[in-house]
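The values are calculated or read from the model by the stated rules, or taken from the named source; none is laboratory data. Just so we're clear, the structure is a prediction, and the values are computed from it rather than from any experiment. Using ideal geometry, Cβ is built from the backbone for each residue, glycine included, and neighbour counts are taken over all protein chains shown. Remember, those area values only see protein heavy atoms, side chains included, never the ligands or the DNA or RNA. Shrake-Rupley method; radii C 1.70, N 1.55, O 1.52, S 1.80 Å.
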Amino acid sequence: DSHINRLEETARLAGKPVTLAADKVRAALRKAVKSFPSDEKRVRITLDLEQHMGSVYIAAEELRIPSPADYQQGVRTVTRQARRENPKAKLTNFIKTAGAIRKDLPPGVNEALMVEDGMILEGLTSNFFALIDAELWTAEEGVLSGLTRALVLEEAAAAGLVVRLSPVPVESLPRAQEAFITSASRAVLPVVQIDDLLIGGGQPGVVTLDLLARYQARIEAETEAI
């Protein structure tokens, strides 16, 4: 339901409102899931707002997720000057921009973090969080509000964390005790290096790992059949 709602929200933000038939989308999802041979798969729903207004396309491919070592040891990221033109809308025209940046990433880098005016907004395909002075920072404005991000914020509140909905200043990164990125395929992925700076001594932090466990438990509890 959340994914369908976000498609409709994106259409509204693009000035082309569409109401989707959720039952038909679910039926098409069932067909896609059953027809794709792999047990683990990524399913993408695309709403056409250009050539065939209101048409929905569903694509399935093999799911690729971070390795167990990525969660145990954390991943590397780099910063790049970039931002979305219409950040609250998940529009496909950003794919070209993101692809060009991703093409030039150094080997072994999991994600590029977009920076504007000295502030870290989000990743190319993720939301960014940092624990600074016992507060969990993440940008609210100028970013795509991911569904995984929303669940993590709920779990952070349940864990009693102080959440600051503000972008992380690049100059404050040396004070960060922990950092992580979130997305549907990554869940909560620890970040231990940003550019040349080690975060948390180069090891995933206890808050990050706790939020990962909470998120996974939440998904298992709320997963429902389509």
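Taken together, the residues in the range 179-213 that are modelled with pLDDT of 95 or more, closer than 15 Å to LEU131 by Cβ, open to solvent by 20 Å² or more (accessible area, probe 1.4 Å) and not aliphatic (A, V, I, L, M) amount to 3.
The set of residues from the range 59-72 being of a type outside the set (Ser, Thr, Tyr), open to solvent by less than 50 Å² (accessible area, probe 1.4 Å) and without any contact (Cβ under 8 Å) to a residue 60 or more places away in the chain comprises ALA60, ALA69.
Here PRO174 meets the list (1) assigned to a strand (DSSP E or B); (2) under 21 Å from GLY202 (Cα atoms) almost entirely, failing just condition (1). Checking the stated criteria, ILE226 turns out to be closer than 25 Å to ILE65 by Cα and surrounded by fewer than 13 Cβ atoms within 10 Å (Cβ to Cβ).
Among the listed residues LEU29, LEU20, identify the single one that is out of contact with any His (no Cβ under 6 Å at 6 or more places or on another chain), hydrophobic (A, V, I, L, M, F, W, C) and in a helix (DSSP H, G or I). Spell out how you get there, then give the answer.
Numbers: LEU20 fails: in a helix (DSSP H, G or I).
Only one candidate qualifies: LEU29.
For the range 93-115, name all the residues that are part of a helix (DSSP H, G or I) and either open to solvent by 90 Å² or more (accessible area, probe 1.4 Å) or basic (Lys, Arg) (or both). Across the range 93-115, the qualifying residues are ASN93, ILE95, LYS96, ARG102, LYS103.
Just to be sure before I move on: is SER55 exposed (fewer than 15 other Cβ atoms within 10 Å of the Cβ), in contact with an Asp or Glu (Cβ under 6 Å, 6 or more places away or on another chain) and in contact (Cβ under 8 Å) with a residue 12 or more places away in the chain in the structure I sent?
Working: exposed (fewer than 15 other Cβ atoms within 10 Å of the Cβ): yes; in contact with an Asp or Glu (Cβ under 6 Å, 6 or more places away or on another chain): yes; in contact (Cβ under 8 Å) with a residue 12 or more places away in the chain: no.
The answer is no for SER55.
With respect to being open to solvent by 90 Å² or more (accessible area, probe 1.4 Å) and under 16 Å from the mean Cα position of the chain (by Cα), LYS90 fits the description.
Does GLU40 count as among the acidic types (Asp, Glu), open to solvent by 100 Å² or more (accessible area, probe 1.4 Å) and more than 27 Å from PRO204 (Cβ to Cβ)?
Details: among the acidic types (Asp, Glu): yes; open to solvent by 100 Å² or more (accessible area, probe 1.4 Å): yes; more than 27 Å from PRO204 (Cβ to Cβ): no.
No; evaluated as a whole, the condition is false for this residue.
A Cβ distance below 8 Å, combined with a sequence gap of six or more or placement on separate chains, defines the contacts here; from the range 25-44, residues that are touching a residue at least 24 places away in the same chain (Cβ under 8 Å) and within 19 Å of ALA184 (Cα to Cα) reach residues that are assigned to a loop (DSSP other than H, G, I, E, B) and open to solvent by 100 Å² or more (accessible area, probe 1.4 Å) in the pairs ARG42/ARG64. When the residues of the range 124-155 are narrowed to those that are within 22 Å of GLY201 (Cβ to Cβ) and of a type in the set (Gly, Ala, Ser), which ends up farthest from the chain's Cα centre (by Cα)? Looking at residues that are within 22 Å of GLY201 (Cβ to Cβ) and of a type in the set (Gly, Ala, Ser), I get ALA134.
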